[in-house]
Amino acid sequence: MSGAGAGYDRHITVFSPEGRLYQVEYAFKAIRTAGLTSVGVKGVDSVVVVTQKKVPDKLIVPSSVTTLFTISDGIGCCATGMAADARSQIQKARQEAADFKNQFAYDVPPGYLAGRMADENQVYTQHAYMRPMGVALTLVGIDEELGPQLFKCDPAGYFAGYKACSSGAKEDEAMNFLEKQFKTEQVLDTEKTIQMAIHALQSVLSAEFKPSEIQVGIVTVADPKFRELSDDEVEAHLTAIAERD
């Protein structure tokens with residue numbers, strides 16, 4: 001760091017003269033430099049998250065590499081960014097979900113869990129002996145009262161509910177694409193929701209995916225259990241998108 005910000009990136013809790021926390025900004029940069037992009041889209045009866053799948057080494061077993069995780073039966077999460085930080089955050093989210101069910105005897109609502117994870121991230125920006133986590137969490141689930149829910153939590157401790165969102169290397173491009181799609185009121189059934197999310201990822205990356213190159217997680221009102229689509233199911237949706245275009 002040079003110029004006016006010199007030295008202010010050494011401590012998480014010290015503002016620069018411009019009012020910036022450089023360590024938090026570095027955490028956002030770490031998410032982008034991980035090289036993956038994920039997209040989440042909420043429909044009327046389902047919510048979908050799609051992410052790239054890259055196996056970094058030919059000797060690694062592909063099935064052991066994932067950024068999609070099950071938090072509870074009805075809540076799934078896509079962790080975009082640094083894989084090690086993601087594992088830590090997923091463990092915390094699972095603990096929160098388990099503690100909530102143990103205390104209140106019903107599944108944790110997605111919005112409450114997103115708020116708890118955002119609180120956790122915000123604490124990491126307050127203490128010099130911690131560092132912000134270089135991972136963005138996209139939480140999907142079905143709320144018993146509110147229906148499909150899509151939330152994103154960032155390293156600064158901010159979270160919000162979305163109709164559609166993106167994280168990672170091409171986040172800005174994907175958000176622009178999704179904003180254009182949602183300029184008109186969208187009524188998205190399950191098929192359209194899945195295909196919009198995949199199409200958004202294809203468009204911003206200018207790539208034609210094979211089923212093994214992406215992961216698609218979904219939870220629906222009809223089947224409120226988070227699951228990952230099989231390669232055959234992904235192939236069918238990729239074919240439908242190609243024929244439509």
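Read the figures in this text as sums done on the coordinates, not as results from a lab. Here the structure is a predicted model, which is why all the values come from computation and not from measurement. Heads up, the Cβs are rebuilt from the backbone with ideal geometry, glycines too, and the neighbour counts pull from every protein chain shown.
Within the listed set 222, 97, 86, the Gaussian network model of the chain (springs between alpha-carbon atoms below 10 Å) gives the highest mean-square fluctuation for 222. Along the chain, the longest continuous region that contains none of the chymotrypsin sites (Phe, Trp or Tyr not before Pro) in a DSSP loop with at most 10 other C-beta atoms within 10 Å is 130-245. Could you tell me the calculated FRET efficiency between residue 144 and residue 10, based on Cβ-Cβ distance and R0 = 45 angstrom, to the nearest 0.05? Calculated transfer efficiency: 0.45.
Taking label points 7 Å from Cα along the Cα-to-Cβ direction, residue 160 and residue 207 give a separation of 2.8 nm. In the elastic network of the chain, a GNM with C-alpha springs shorter than 10 Å, the most mobile of 21, 139, 178 is 21.
Given a Förster distance of 30 Å, report the FRET efficiency between residue 131 and residue 55 from their Cβ-Cβ distance, rounded to the nearest 0.05. Once the sixth-power term is evaluated, E becomes 0.65.
The GluC sites (Glu not before Pro) of the range 137-245 meeting both criteria, a DSSP state outside H, G, I, E and B (loop) and at most 13 other C-beta atoms within 10 angstrom of the site's C-beta, are 144, 145, 185, 208. Between the C-alpha center of the range 189-238 and that of the range 1-62 there is a gap of 23 Å. If I model the chain as equal point scatterers sitting on the Cα atoms and use the Debye formula, what is log10 I(q)/I(0) at q = 0.07 Å⁻¹? Evaluating at q = 0.07 Å⁻¹ gives log10 I(q)/I(0) of -0.24. Rg/Rh for the range 76-197 stands at 0.99; both radii use Cα atoms, and Rh follows the Kirkwood definition.
Can you give the FRET efficiency to the nearest 0.05 for residue 176 and residue 105, using r as the Cβ-Cβ distance and R₀ = 35 Å? It comes to 0.20. Under 20 Å from a label point 7 Å along Cα→Cβ of residue 88: give me every residue in the range 47-70 with its amide N that close. What the label zone holds, given the 20 Å backbone N cut-off, is 66-70.
Relative to one another, the C-alpha centroids of the range 85-117 and the range 122-166 are positioned 12 Å apart.
A DSSP coil position with no more than 15 other Cβ atoms inside 10 Å describes the following trypsin sites (Lys or Arg not before Pro) in the range 179-245: 183, 225.
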